[in-house]
Amino acid sequence: MRRRSFAHLLLAAVVAAQTATAATMIAHADAIPGFRTSEYVLQGNNYKVSVPRVDIDGVDGPYLAARDEFNNALRAAADKYIAQVTPTLNLSTSVNFSYVGPHVLSAELGVNFYQEHGAHPFEQYVTHTTNTDNGKALQLTDVFTDLTAGLNALSQQAAILVPKTNAGDTYYKLGILPTEQNYRDWAVDSAGLRIYFGEIASHAAGNIVITIPWSTLCNVLSPQMKTLITT
């Protein structure tokens, strides 16, 4: 049997090391990052607000950018609400929503303002959705191939779904017309597109939220959006 020279052994070791490194890099590139949802509390004089956030470990690039874009947007929204607090106007958390999808991060931050001696609190909220593939915020114009067609589809579904909520049939009909203003607050969920209308009925009915199934929007969704909601 021929003995392998030192040069051959050294070359084999280098090749083996490079192969192992390449395998590690490929495994890292193919790994799907695990976003974790949580909330943190901002508290001070006359306010206490829970803010949705996401965390992710050991990943850079667009996923890290997506985390920062998402968290910074919700923190900025919370800060705007806090800036409205006065000695007679208190701020607290209402209802929050968070969703981590195959390619999106989506959330709703809800707060209650309570005026001293007021009859009841009034709720406000903001929504935000981030594309984890490029780390950029998604706008309603990104959801549909044609915004007008998309808004019409949303309005048609709202006419079916809103009467099934606490609003019943007595809601403000102009509130579901196909305008960007009426559908400016939205979030992504596995079941469909969540639409936040606010108080379009009585105060007792509360803020009206519906989820429009993706199956009813498939003809108007943009190719990008179809990709983002697909596993």
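Taken residue by residue, the stretch 135-147 has at least one member that is more than 24 Å from TYR63 (Cα to Cα) and part of a helix (DSSP H, G or I).
The set of residues from the stretch 210-231 being surrounded by 19 or more Cβ atoms within 10 Å (Cβ to Cβ) and not in a loop (DSSP other than H, G, I, E, B) comprises ILE210, ILE212, LEU221, MET225, LEU228. Looking at the stretch 110-137, which of the residues that are of a type in the set (A, V, I, L, M) and without any contact (Cβ under 8 Å) to a residue 60 or more places away in the chain is surrounded by the most Cβ atoms within 10 Å (Cβ to Cβ)? So, considering only residues that are of a type in the set (A, V, I, L, M) and without any contact (Cβ under 8 Å) to a residue 60 or more places away in the chain, the one surrounded by the most Cβ atoms within 10 Å (Cβ to Cβ) is VAL126.
Condition check ((1) of a type in the set (Ser, Thr, Tyr); (2) within 16 Å of the chain's Cα centre (by Cα); (3) not assigned by TED's automatic domain parsing to the domain that holds ASP146) across all residues:
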residue: VAL188; (1), (2), (3): no, yes, no
residue: ALA191; (1), (2), (3): no, yes, no
residue: ALA201; (1), (2), (3): no, no, no
residue: ALA205; (1), (2), (3): no, no, no
residue: ILE212; (1), (2), (3): no, yes, no
residue: ASN219; (1), (2), (3): no, no, no
residue: SER222; (1), (2), (3): yes, no, no
residue: LEU228; (1), (2), (3): no, yes, no
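Of all residues in the stretch 178-205, those satisfying the criterion of being surrounded by fewer than 15 Cβ atoms within 10 Å (Cβ to Cβ) and part of a loop (DSSP other than H, G, I, E, B) are THR179, GLU180, GLN181, ARG184, SER190, ALA191, SER202. Figure legend. Inter-residue proximity from the stretch 150-173: first residues touching a residue at least 24 places away in the same chain (Cβ under 8 Å) and assigned by TED's automatic domain parsing to the domain that holds ALA201, second residues of a type in the set (Phe, Trp, Tyr) and surrounded by 12 or more Cβ atoms within 10 Å (Cβ to Cβ), beta-carbon distance below 7 Å, spacing 6+ or different chains. Indicated pairs: GLY150/PHE144; LEU151/TYR183; LEU154/TYR183; VAL162/TYR171. Hey, could you check the stretch 130-186 for residues that are β-branched (Val, Ile, Thr) and within 21 Å of VAL104 (Cα to Cα) and say which is nearest to the chain's Cα centre (by Cα)? Of everything passing the filter in the stretch 130-186, THR130 is nearest to the chain's Cα centre (by Cα). Restricting attention to the stretch 162-177, the residues that are surrounded by fewer than 17 Cβ atoms within 10 Å (Cβ to Cβ) and assigned to a helix (DSSP H, G or I) total 4.
Out of curiosity, is LEU154 buried (at least 19 other Cβ atoms within 10 Å of the Cβ), touching a Phe, Trp or Tyr at 6+ places or on another chain (Cβ under 7 Å), under 21 Å from LEU74 (Cα atoms) and at pLDDT 90 or above? Criteria not met by LEU154.
Restricted to the stretch 140-150, and to residues there that are of a type in the set (A, V, I, L, M) and touching a Leu at 6+ places or on another chain (Cβ under 8 Å), the residue that is surrounded by the most Cβ atoms within 10 Å (Cβ to Cβ) is VAL143.
The values are calculated or read from the model by the stated rules, or taken from the named source; none is laboratory data. Source: prediction; values computed, not measured. Here the Cβ is made from the backbone with ideal geometry for all residues, glycine too, and neighbour counts use every protein chain on show.
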